[in-house]
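Remarks on the structure that follows.
The values are calculated or read from the model by the stated rules, or taken from the named source; none is laboratory data. In this text the structure is predicted, and so the values were computed from the model without any measurement. Heads up, the Cβs are rebuilt from the backbone with ideal geometry, glycines too, and the neighbour counts pull from every protein chain shown.
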Amino acid sequence: MKLILANPRGFCAGVYMAIDVVDQLLHLCPGDPIYVYHEIVHNRHVVERFRGRGVKFIEDLSEVPEGSMVVFSAHGVSPAVRQQAEQRRLTAIDATCPLVTKVHNEAIRYAKAGYQILLVGHLNHQEVVGTRGEAPDAIQVVESPADIAKLVIHDPSKLVYLTQTTLSTDDADVIIKALKQAFPLLKEPPSSDICYATTNRQRAVRAIAPDADLVLVVGSRNSSNSVRLTEISENVGTKARLIDDRSELRAEWFDGVKTVLITAGASAPEDLVHDLIMDLIQRFGGEVEQRDIYREEVEFGLPGTLKQLMRDRGVDPTGRRVIRQDSGPALDTWLQERRIPHRTVDLTVGATG
């Protein structure tokens, strides 16, 4: 069997940062209870590993004892949640992805300017809930073109659309096109709200999936960007399966399959990809080919709220940056150690993000 690995895949800069925030707190505050509001990122393995280290994940701030420490997840929260944290005298560490914060800031700016905001996204996704909370009276959520007829528009010349950062670019394009047809004066955000990592992983799948008989996406089912990768593959005609890890593989999936494309959502750890490769090699033999489609050079430093906490506790935050793992050389070394035939095909078009 030929295994093609899409690169980029797995952790994005925002996920690295959010995970590192919790990891830094575990080292900085040994013995202190650390609470995280919602899952820090949408991946079962990441959450379970932190639970094993004593981190408590909660869905309501009332579950956090007054005066304790709470981390806001990468998906962002509404001003109401921040206010509740202040009322409970919580030490709040904000691990919101900066690209989500960008959308929040756009919503605030347009609402203050008198615009109605059409937020393209999934109504109950935590990111959309948080963004909507910035200007609840100005924002209406659009999940599909069918929602357009239900919108209440006061002034078609004062309309703008924003999007959830982890949408399928295919789906978003369909909805945005329909919105523009319905409202010709609709204003666009200054730049795309769909994040670079979501876009790059989708483009890689779109480019490679036609060469495969099956696509395996490593990611959790509540991970929007992971689900979108399976949809992109199906859109170009290749069957796709979303799995949390290799334990979910089913033998019948591989009947007649000679080439498998493997990728991972932006919150899926790389070691799960390695485990999947080893399982498939042991079952079917074969070789591994990594196809480098984009180089990602985006990095986010630690959030200011964490840096201030470090200073308050006598720790210099300088140099305590997020550690990024380059999946290329790490993968090569891992494959060499296991004597798995492999090669890398460089199809990159330059750094992005």
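Tabulated values for the structure
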{"read-out": "Residue in region 37-48 that is at pLDDT below 95, over 16 Å from the mean Cα position of the chain (by Cα) and either among the aliphatic types (A, V, I, L, M) or under 30 Å from M278 (Cβ atoms) (or both) present", "value": "no"}
{"read-out": "Condition check for E59: touching a His at 6+ places or on another chain (Cβ under 7 Å), buried (at least 18 other Cβ atoms within 10 Å of the Cβ) and among the acidic types (D, E)", "value": "no"}
{"read-out": "Close pairs (7 angstrom Cβ cut-off, 6 or more residues apart or separate chains): touching a residue at least 24 places away in the same chain (Cβ under 8 Å) and more than 20 Å from N225 (Cα to Cα) in region 39-66, charged (D, E, K, R) and loosely packed, with under 13 Cβ neighbours inside 10 Å anywhere", "value": "E66/R89"}
{"read-out": "Number of the exception - D193 against (1) within 30 Å of W253 (Cβ to Cβ); (2) buried (at least 23 other Cβ atoms within 10 Å of the Cβ)", "value": "(1)"}
{"read-out": "Residue within region 309-324 that is assigned by TED's automatic domain parsing to the domain that holds A6, of a type in the set (S, T, N, Q) and either modelled with pLDDT of 90 or more or surrounded by fewer than 17 Cβ atoms within 10 Å (Cβ to Cβ) (or both) present", "value": "no"}
{"read-out": "Evaluation of F50 against (1) buried (at least 20 other Cβ atoms within 10 Å of the Cβ); (2) at positive phi (one fails), failing number", "value": "(2)"}
{"read-out": "Contacts under 9 angstrom Cβ, first residue in region 245-272 being assigned by TED's automatic domain parsing to the domain that holds V227, partner of a type in the set (A, V, I, L, M) and surrounded by fewer than 16 Cβ atoms within 10 Å (Cβ to Cβ), 6 or more apart", "value": "R246/M278; E270/A330"}
{"read-out": "Strands (runs of 3 or more DSSP E) contained entirely in region 236-303, each with at least 1 residues that are under 30 Å from G319 (Cβ atoms)", "value": "259-264, 287-292"}
{"read-out": "Condition check for V46: assigned by TED's automatic domain parsing to the domain that holds I139, within 30 Å of E270 (Cβ to Cβ) and not polar (S, T, N, Q)", "value": "no"}
{"read-out": "E134 under 24 Å from the mean Cα position of the chain (by Cα), at pLDDT 95 or above and part of a loop (DSSP other than H, G, I, E, B)", "value": "yes"}
{"read-out": "Residue tally, condition within 18 Å of K258 (Cβ to Cβ) and charged (D, E, K, R), over region 279-308", "value": "5"}
{"read-out": "Tally of residues being more than 15 Å from I108 (Cβ to Cβ) and surrounded by 15 or more Cβ atoms within 10 Å (Cβ to Cβ) across region 123-139", "value": "5"}
{"read-out": "F254 being farther than 25 Å from R49 by Cβ and either modelled with pLDDT of 95 or more or surrounded by 17 or more Cβ atoms within 10 Å (Cβ to Cβ) (or both)", "value": "yes"}
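Results for (1) closer than 23 Å to T348 by Cα; (2) of a type in the set (A, V, I, L, M); (3) at pLDDT 95 or above, shown as yes or no for each residue.
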site	(1), (2), (3)
D245	no, no, yes
R250	no, no, yes
T263	yes, no, yes
L272	no, yes, yes
R295	yes, no, no
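A quick yes/no check of all residues on (1) at pLDDT 95 or above; (2) touching a Leu at 6+ places or on another chain (Cβ under 9 Å); (3) of a type in the set (A, V, I, L, M, F, W, C); (4) in the same structural domain as D271 (by TED's automatic domain parsing):
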| site | (1), (2), (3), (4) |
| --- | --- |
| M69 | yes, yes, yes, no |
| A85 | yes, yes, yes, no |
| G130 | yes, no, no, no |
| E143 | yes, yes, no, no |
